[in-house]
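The structure appears right after this line, and notes come after that.
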Amino acid sequence: MARPKAGDEPALTRYNAKRNFKVTAEPAGKPAGNKTSGKKGTQLSFVIQKHWASRLHYDFRLELDGVLLSWALPKGPSFDPADKRTAIEVEDHPVSYGGFEGTIPPKQYGAGTVIVWDRGSWEPVGDPREGKEKGKILFKLHGEKLAGLWELVRISKPGDKKQDHWILFKKRGDAWARPRAEYDVVAALPDSVIATPLGPVEEREPRAGAAAPAAPTDVEPDLSEAVKATLPAMLEPQLATLTSTPPTGPGWVVDTKYDGYRIMTRIAAGKVRLITRGGHDWTDRMPALARAVEALGIKSGWIDGEIVVMNEAGVPDFNALQNAFETSRSEAIQYFVFDAPFLHGLDLRRVPLWSRRAVLKAAFDGRESDRVHFSAGFDIPPAQMLEAACRMGLEGVMAKRRDSSYVSGRTENWLKLKCSLRQEFVIVGFTDRSGSRSEVGGLLLAYHEDGALRYAGSVGTGWSAATGQDLHRKLSAIETDKPAVDPATVKPGRWSKRAAGTERWVRPQLVAEVGFAEWTPDGHVRHPTFKGLRADKDATGITREQAMATAGGQRAAPKPVTSVKVTNPERVIDPSTGLTKVDLVRYYESIADWILPHLKGRPVSLVRAPTGITGQLFFQKHLESKMPGLTELDPALWPGHTALLAIDSIEALVAAAQMNMVELHTWNSTTRAIDNPDRVIFDLDPGEGVPWAHVQEAAILTRTMLTELGLESWVKTSGGKGLHVVVPLAPRLDYEAVKGFSQAVVQHMARAIPQRFVAKSGPANRLGKIFIDYLRNGHAQTTAAAFSARARPGMGVSMPVAWDDVPTLRSGAQWTIGTAREHLSFQKVDPWAGYWKSRQSLTRPMKTLGYASAEQA
C-alpha cells in the first residue's frame, strides 16, 4: 500500500491510532489550519527531539503542509559530511508536537522521556514535495544548534520495507561543515533548548559575511527626539554592567573595550575641557590632546570616549598609559570617541545610539588625526567580537543596545564583556620586598561592601623594579597605624611568602587595577596581577563587580574547546565497545560543568592509557612532562614530594584527555586546608561472588548507620563494581582522625552484620562479602572523582545518584562515557544539590561510636 501523502488525514490517523491521549500528555493529532507550501520565503519550522525510549535516539521533524514530516535518527546529526546518519521515516506528527517535552508513560507507544534538542526554521532548496517523492530533499536549517545546507536521501526502495530508510548528512563545501574530530555537536550541546535557550547559532557563530558598520550609511539618522538645549556644565557618563555571557539576538552594537581611562570632553565655543569619569579636569595634563580635539572644528557638545596608549603590537597598554602620565609624556596618548550625548547645540541623549553615532561620525569625517579617532562599532554578534578581541590580546568588548538612549549612571543597555576578570581595588596596605626596604613586595587589596572595606587578598606581581619603588614611595607617604580592614581577615595564604605581622597599613586612598583568574569562595582574588594605579577613580566608590549571569534575555551557548587538537581521534581505546579516543575527549569536554566543581582546588592524580585501557596504565600524581593547562601546586603542600597537580579549567580537562588521561582521582582535602579533609568516603568494594543486590543493600545499610550517627550522606556509582557513599565535612580534623572514624564505622558494621561485611582488605578476606574501604580516607589517598571515566571494559562512569534511585540501579557501571552525558540531559533535579552546602562535624558521631580521638573534634 502506498504511504499517505503529507497532510492527508490518514497520516495523522496513524499518529493518533498509536496513542492513548487519556494517558499520555502528547498532543492529539490535528493538521494545522493553514497548510504551508514550502515555497521560498515561507517560514517553516523544524525540531529535533531527543527521545530516550527503549534506547536513545533523535526525532528529526520538518514542517510541511500542516504536519511534521518525521524521521528517527539513532545517532543524531553531525556537522561532518563524512558522517552519513541513518534516518528511519516514521509517521507524520502534528505541528504542535514540536514544543512537546515530557515523559511518555510506561506501556504507551514510545514510552520514555522527550526533550527539544534543537528548533528553528528550515528553508527548502527546490520543491520539497517533489524531492520527497524522488527520495532527495535538500534544505537549509536555521536552528539554535544546527545551520547551513543539509540533505536527506532515501536509500531503500519505496515499499521494500515497513519504514523507509534514509540518510541525513551535511553537504560538503558548506560553511558549517566540520570534522567530527574537531567538533561533535551532539556531545558538545546535549541539553534542551527549552530549558537552556541558546539563540540562533547563525547569530552566535556566523560563518559567512563581513562585519557591518554599526551606524547605517544609507539611512538618515533619526533626530526626532533631539532638542535644543544649553550645554550643561558637568555630565556624568553612562556606565556599563559587567556580564558573564554575551547577549544574543539582533540589535546590539559592539565596540572594543579600550584598556585606558574614560574621558568626557566638553566643548563650548570651540574650547575643549577634558573631564575624567570622576569629574576632574585633566586638560592641563593633556594639552596636546586638547588641541587635537579642538582641531575637529566642533563648536559645542559633550563627546564620550577613552584615552589609551598603544604598544608596539598596536594594542592598548594600560601600563604605558600610566607611564605617559608619570613621565609627563602625554603626547603618546590617543583618544577613541564612541558617543555624543550633546552636539551642535542639541541634546541627543534620547536619540537612539545608532543615530548619535551617525551624527558623531559626520563630525569626524575628514578631520581625524593620529591622536583622535572615531570608534567604529559593528553590528555583529558580541560573542564573535569577544572571541576575536581575546585572540588579539584586548581587554574585552562593549555591547550596546542599538536603539538605546544615553543615560548617566550604570545601565544594562551597555554591557561589558571581559576576556579575563579584572577590576579596581582599594589599596589598604603593603609589604616590603624581601631584601629591600625601598620596593613593594605585595599590595593588600579591598573593596567596599555594606558600608565597610572588605579584604580581597593580595597581589605581588605585575610591576617592574622601578614601579615597585614608586609604589613604595607613594604608599609610605600615606602610611598609618590604623588598618582600614579587619586585621584578623588579612592572613597570609598557604602559598604566600608573606609572614603574618609584616603588613604595613595605609589610608585607603589609592586605587589599583588588578587582573585575576577568579574569586575564591571567601571573596579573595585568585592568581592576581597588578595592572596599574587608577588616578581617575575615587577609592570611596570601589565595590566588587558582580557579573550578570545572562544578557539580552538569553543564555550564551556553551563554548566547546576546539583549540585542543585531538591526535589519533579514531584510535580504539576500549575494544569491548569500540569507543575511541575522540569519544573520551568529547565526553570530558561535555561534562566539564559537572566535574569541575569536584576537581577545583583539589590535588588530582591521573590514570593514563597511552595504548588504550587494555594496555599498560600509568598512575600519575606529578607533572612528569609538559601538559597544557594543568597546574602545578606549591610543593610545600606535601613536603618532600614533587609538586602535585590540579585541574581547574575545561582547557586543562580536555588537554589531559588528549594526553590519554582516562581516570581522575582526587584527594579528600582542598589546597586551602590540605591537612584537613572536607569529606569522608566509604567505598563499597564487593568481593568475588557478591550479587549486585547485596551491594545495593550495603549502601542502604551504610546510609542508615550514618543517619543514626547524625550524618547526612550522598551516593554515587563507582563506575566499576561498587558504590561510593560520601559524607561532606567541615575541614577541622586531620587525616588520622577522619580515617580513624571511618575505620570505626566499618568495624562496627562488620561486627553487627558479619554475613555481609568484612573490615579487612584483601580478596581472600572479602570472598562473598563486601569490604567498605576506609583506607581511601588516609593522607594522600585518592578516590575516583564524580563523573570520572574508569579504565575498565565498557568505560563506566562514576555517577552521582539519588538515594531513592539506588534500588533501581543495574550496576556500578550503569552509565558509560557513551551514555552518561545523555542521562544528565534528561535529569530534572540534581541529586547532589544539597551536598555543596553541607559541612558536618564529627564531634558527636565520634562520641557515639566511642572513638578515642573524639576530643580532637
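The values are calculated or read from the model by the stated rules, or taken from the named source; none is laboratory data. All values derive from a computational prediction rather than experimental measurement. Because the Cβ atoms are built from the backbone with ideal geometry, glycine has one as well, and the counts that use them run over all protein chains shown. These accessible areas exclude ligands, DNA and RNA; they are computed on the full protein's heavy atoms, side chains included. Shrake-Rupley method; radii C 1.70, N 1.55, O 1.52, S 1.80 Å.
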| remark: For segment 807-813, Karplus-derived ³J(HN,Hα) couplings (6.51, -1.76, 1.60; θ = phi - 60°; whole Hz; x for glycine and proline) come out as x, 9, 5, 9, 5, x, 10
| query | At what distance in nm do the modelled label points of Thr86 and His344 sit from each other, each positioned 7 Å from its Cα along Cα→Cβ? | reply | 6.9
| field | Integer Hz, Karplus 6.51/-1.76/1.60 couplings in order for segment 508-513, x for Gly and Pro | value | x, 10, 8, 10, 10, 8
| field | Karplus (6.51, -1.76, 1.60) ³J(HN,Hα), θ = phi - 60°, over segment 446-459, in Hz, Gly and Pro reported as x | value | 7, 9, 7, 8, 6, x, 9, 8, 10, 5, 10, x, 10, 10
| note | In segment 723-762 the accessible area split gives carbon plus sulfur, as whole percent at 1.4 Å, a share of 47
| field | Cα-Cα pairs of segment 594-676 separated by more than 14 Å (percent) | value | 61
| message | Based on the alpha-carbon set only, what is the convex hull volume of segment 305-356 divided per residue, in Å³? | response | 112
| message | Probe radius 1.4 Å, ligands and nucleic acids ignored: give me the carbon and sulfur share of the accessible area of segment 42-197 as a rounded percent. | response | 51
| request: Could you point to the residue in Leu824, Phe79, Gln384 farthest towards the positive end of the chain's charge dipole, with +1 and -1 charges on the Cβ of Lys/Arg and Asp/Glu respectively? | output: Leu824
| remark: Counting only DSSP loop positions in segment 317-404, the GluC sites (Glu not before Pro) whose Cβ has at most 16 other Cβ atoms within 10 Å are Glu368
| Loop sites in segment 612-687: trypsin sites (Lys or Arg not before Pro), DSSP, at most 12 other Cβ within 10 Å | Lys626
| So what is the 222 nm mean residue ellipticity for the chain from helices alone, if each DSSP H run of at least 4 adds -39500 (n - 2.57) and you divide by all residues, rounding to the nearest 500 deg cm²/dmol? | -5000 deg cm²/dmol
| Where a ≥ b ≥ c are the square roots of the eigenvalues of the C-alpha gyration tensor, would you call segment 290-381 rounded, which needs a/c under 1.5, or, failing that, prolate if a/b is larger than b/c, or oblate? | prolate
| query | Taking segment 565-634, which GluC sites (Glu not before Pro) meet the DSSP loop condition and have no more than 12 other C-beta atoms within 10 Å? | reply | Glu570, Glu624
| request: Report, by chain and number, residues whose modeled amide H sits under 5 Å from the one on Thr248, excluding near sequence neighbours (fewer than 5 apart, same chain). | output: Gln554
| request: Write down the radius of gyration of segment 744-825 and its Dmax, each obtained from C-alpha positions, in Å. | output: 15.3, 42
| said: I'd like the distance separating the alpha-carbon centroids of segment 262-309 and segment 382-443, in whole Å. | reply: 23
| field | Inter-probe distance in nm under a simple model that places probes 7 Å from Cα toward Cβ, at Ala730 and His373 | value | 5.6
| Whole-number D in µm² s⁻¹ for segment 377-510, Kirkwood Cα-pair radius fed into Stokes-Einstein, 20 °C, 1.002 mPa s | 122
| task | For Glu144, list long-range residues whose amide hydrogen, built 1.01 Å from N in the peptide plane, is under 5 Å from its own amide hydrogen. | result | Arg119, Val201
| remark: Ranked output for segments 97-105, 576-584 by mean other Cβ atoms within 10 Å, highest leading, reads 576-584, 97-105
| query | How many percent of the accessible area of segment 240-376 is carbon or sulfur, using a 1.4 Å probe? | reply | 46
| Net charge dipole size for the chain [Lys, Arg +1 and Asp, Glu -1 on Cβ; Debye, nearest 20] | 1460
| request: Return the long-range amide H neighbours of Ile263 (sequence gap of 5 or more, or a different chain), with a cut-off of under 5 Å between placed amide H atoms. | output: Gly305, Glu306, Ile307
| field | Accessible-area ranking of Lys400, Lys837, Lys136, Lys474, largest first, probe 1.4 Å | value | Lys837, Lys136, Lys474, Lys400
| task | Could you bin all the Cα-Cα distances of the chain into 10 Å bins starting at 0 and give me the percent of pairs in each, rounded to whole numbers? | result | 2, 10, 17, 19, 19, 16, 11, 5, 1, 0
